[in-house]
């Protein structure tokens with residue numbers, strides 16, 4: 001275990017998986033953010049992760065903030081929020097560290113013409129070239145214009161082969177139209193128990209009592225064509241239909257709304273680091289190199305592990321008064337507990 005507060009009760013399998021995760025965590029190198037190699041021909045600010053959270057509406061401003069801040073606190077270089085103007089005015093007051101873009105639109109009143117989702121999505125799609133990962137869903141709501149807009153953005157992200165993390169109300173989009181995400185191996189869905197059942201019902205998947213927990217998540221991942229599913233619960237079951245991981249680290253004993261937003265943000269940062277790993281921005285001394293399918297699962301597992309450790313640490317300090325914002329404060333401590341600071345040109349647990 002590296003420097004930092006030791007994480008208790010880690011199983012051998014969890015230690016092994018986190019050892020692989022460590023390989024995709026960027027070391028802190030002087031050569032980063034400098035145009036010193038042929039690969040770094042563009043603006044290098046943000047090369048270790050540019051994440052955007054699409055969500056945030058008139059009624060929900062906390063969720064996208066918690067997700068974006070988890071990404072930032074974990075260590076992505078740039079964290080954006082794309083939301084409605086009403087939400088943007090509020091979220092900007094939460095933190096000056098986030099870049100907030102009021103590009104989303106909700107349905108208009110009865111006497112007004114609704115915004116055109118194609119036009120709204122076009123402005124967001126123009127940003128995709130500057131991003132590495134999308135998180136869709138925190139605070140999104142179920143407004144039909146918002147839902148239609150993100151469907152178009154997800155389509156553009158697929159064309160760009162950009163990883164997409166989907167949670168909360170974005171999962172309703174998958175329930176209604178599974179083809180939005182079917183077959184896209186760079187997608188990560190993070191349903192809770194209720195959302196998981198709704199997805200299975202929508203896809204007519206039988207996950208009766210005779211099916212094991214790992215079997216259930218494997219069935220859903222297979223039906224969706226190899227997307228990565230994280231079924232959240234007492235344990236998190238993670239599968240792309242072929243490989244299944246179980247995240248069983250101890251968490252806090254208090255569940256509050258918004259903890260899943262820390263999960264989506266953490267996954268997004270690991271996905272951003274995953275891109276840097278596969279782009280060869282540092283030398284991985286271990287052979288063979290990790291495969292792209294494997295690192296999708298590793299990023300999902302790592303996000304789960306960080307979130308569970310944040311919950312454990314926050315609960316130890318706050319007890320039953322724990323709130324989602326308390327997890328945000330523990331993100332860096334959780335990272336240090338698993339990995340320490342990654343220096344030099346190696347990346348090992």
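Which whole-number percentage describes the relative contact order of the chain, with Cα contacts under 8 Å and a sequence gap of 6 or more?
Here the relative contact order equals 25 percent.
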>> Viscosity 1.567 mPa s, temperature 4 °C: give me the Stokes-Einstein translational D for segment 144-263 in µm²/s, with Rh taken as the Kirkwood radius over C-alpha pairs.
In response: 88
> So, in nm, how far is label residue 176 from label residue 283 when the simple model puts each one 7 Å beyond its Cα toward the Cβ?
Replying inline: 5.2
> Taking Rh as the Kirkwood radius, which is the inverse of the mean 1/r over Cα pairs, what is the Rg/Rh value for segment 253-340?
Replying inline: 1.06
>> For the ranges 8-20, 242-254, 260-272, what's the packing order if you count other beta-carbon atoms within 10 Å of each residue, average per peptide, and put the highest first?
In response: 260-272, 242-254, 8-20
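Can you give the % of DSSP beta bridges in the chain that are antiparallel, to the nearest 5?
25
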> Using mean Cβ contacts within 10 Å as the protection proxy, how do 78-84, 143-149 order, highest first?
Replying inline: 78-84, 143-149
> For the chain, what is the convex hull (Cα atoms) projected area averaged across all directions, in square nanometres?
Replying inline: 17.7
>> Can you give the FRET efficiency to the nearest 0.05 for residue 161 and residue 332, using r as the Cβ-Cβ distance and R₀ = 25 Å?
In response: 0.25
> Quick one: length gained pulling residue 122 to residue 29 fully straight, 0.36 nm per residue minus the C-alpha distance?
Replying inline: 29.8 nm
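Can you tell me how much longer the chain between residue 320 and residue 13 gets when fully stretched, taken as 0.36 nm per residue apart minus their C-alpha distance, in nm with one decimal?
Length difference between fully extended and current span is 107.5 nm.
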>> Applying a 10 Å radius around every beta-carbon, put 192-205, 278-291, 47-60 in order of their mean neighbour count, most first.
In response: 47-60, 192-205, 278-291
> Given the Cα-Cα distance of residue 97 and residue 205 and 0.36 nm per residue of separation, how much length would full extension add, in nm?
Replying inline: 34.6 nm
> Fewest to most neighbouring Cβ within 10 Å: what's the order for 28, 336, 220?
Replying inline: 28, 336, 220
> Just from its helices, what would the mean residue ellipticity at 222 nm be for the chain, if runs of 4 or more DSSP H residues each count -39500 (n - 2.57) and the sum is divided by every residue, rounded to the nearest 500 deg cm²/dmol?
Replying inline: -13500 deg cm²/dmol
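Every read-out reported here was derived from the displayed coordinates using simple, explicitly stated rules and does not represent laboratory data. Since this is a predicted model, take the numbers as computed values, not measurements. No Cβ is skipped: glycine too gets one built from the backbone with ideal geometry, and neighbour counts run over all protein chains shown.
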